[in-house]
Amino acid sequence: MNTFKADIEEIRRRARDKMEDGAVTKSYQADRGKVIEVLNEVLATEIVCTLRYKNHYYMAKGIHAESVAAEFLEHAREEELHADAIAKRITELNGRPNFDPEGLGTRSHAEYKDVDTLNEMIREDLVAERIAISTYSEIVRWLANEDPTTRRLIEEILAKEEEHADDLAKLLARIGVPHAPTHTDS
Ligand SMILES: [Fe+2]
Ligand SMILES: [Fe+2]
């Protein structure tokens, strides 16, 4: 019992000592530098996804454009919320969120590609969502119990990306069977 009490005191003392380190305590198990690095890649992914959805929102045209564009805009806003949550977590870990446009595309897991048709836009977005789903799932497994707070955040974002992928698959089914783009697409 006494040992336990002493331990609690010791933990409290260390917590007070390290208060300037914010949420990072001695019981933090993960490799903080590595976690921040990985989170900066997630941040880049979310920024690239925001930009891609915004581009698609403004470029959407055609018979199905209105409802599809509304979906693009909603996704753009949600990706931006993800970027904000990740940036906040990076600062809680005493890291620097990297918003540098230089190298953004390289840091991102998902691609930014310019396409013309609504069909291609939805398919590009679906590919990007699937990439995010697979890399975020890997991050969740990697974090395991080493940093439960970051893991929970990634899990929440992952659930949203799965919803996005589902929305896009439904849109594709609604506007037509996916097909290889040809020069006759418009
Ligand atoms: Fe996202
Ligand atoms: Fe998404």
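Each peptide in 75-81, 97-103 gets a packing score, the mean of other Cβ atoms within 10 Å over its residues, and the list from highest to lowest is 75-81, 97-103. Helix 2-17 axis versus longest C-alpha principal axis of the chain: approximately 60°, rounded to the nearest ten. Sequence-ordered 3J(HN,Hα) estimates for segment 151-161 from the Karplus curve with 6.51, -1.76 and 1.60 and θ = phi - 60° stand at 4, 4, 4, 5, 4, 5, 5, 4, 4, 5, 5 Hz, glycine and proline given as x.
Counting every C-alpha pair in segment 131-173, the share spaced more than 14 angstrom apart comes to 50%.
The share of alpha-carbon pairs in segment 97-179 lying farther apart than 20 Å comes to 46%.
Each residue of segment 94-109 was assigned a 3J(HN,Hα) from its phi angle through the Karplus curve 6.51 cos²θ - 1.76 cosθ + 1.60 (θ = phi - 60°); the sequence is 6, x, 10, x, 8, 9, 5, x, 5, x, 4, x, 6, 6, 6, 6 Hz, with glycine and proline shown as x.
Only Cα pairs under 8 Å and 6+ residues apart enter the sum, and on that basis the relative contact order of the chain stands at 24 percent. Residue separation of Asp166 and Glu37 scaled by 0.36 nm, minus their Cα-Cα distance, works out to 43.6 nm of gained length. When the charge dipole of the chain is built from unit charges on Cβ atoms (+1 for Lys and Arg, -1 for Asp and Glu) and taken about the Cα centre, the candidate among Ala23, Ile86, Thr50 whose Cα reaches farthest toward its positive end is Ala23. Considering all C-alpha pairs of the chain, those separated by over 23 Å amount to 49%. Rounded to whole numbers, the Karplus 3J(HN,Hα) couplings from phi for segment 51-62 are 5, 5, 5, 4, 4, 5, 4, 6, 8, 4, 8, x Hz, using 6.51 cos²θ - 1.76 cosθ + 1.60 with θ = phi - 60°, and x at Gly and Pro.
Protection proxy ranking, highest mean first, for peptides 86-95, 47-56: 47-56, 86-95, where packing is the per-residue count of other beta-carbon atoms within 10 Å, averaged. Using the alpha-carbon positions of segment 34-129, Rg (one decimal) and Dmax (whole number) come out as 14.2, 48 Å. Note on Glu155 and Ser67: the extension gain reaches 28.9 nm, defined as 0.36 nm multiplied by sequence separation minus the Cα-Cα distance. What you get for segment 76-186, charging only the Cβ of Lys and Arg (+1) and of Asp and Glu (-1), is a dipole of about 240 debye around the Cα centre.
Placing +1 on the Cβ of every Lys and Arg and -1 on the Cβ of every Asp and Glu, with no other charges, gives the chain a dipole of roughly 680 debye about its Cα centre.
Taken together, the values in this text are just the output of simple stated rules run on the coordinates, not laboratory data. Since we're looking at a predicted model, the values are computed, not measured. Using ideal geometry, Cβ is built from the backbone for each residue, glycine included, and neighbour counts are taken over all protein chains shown.
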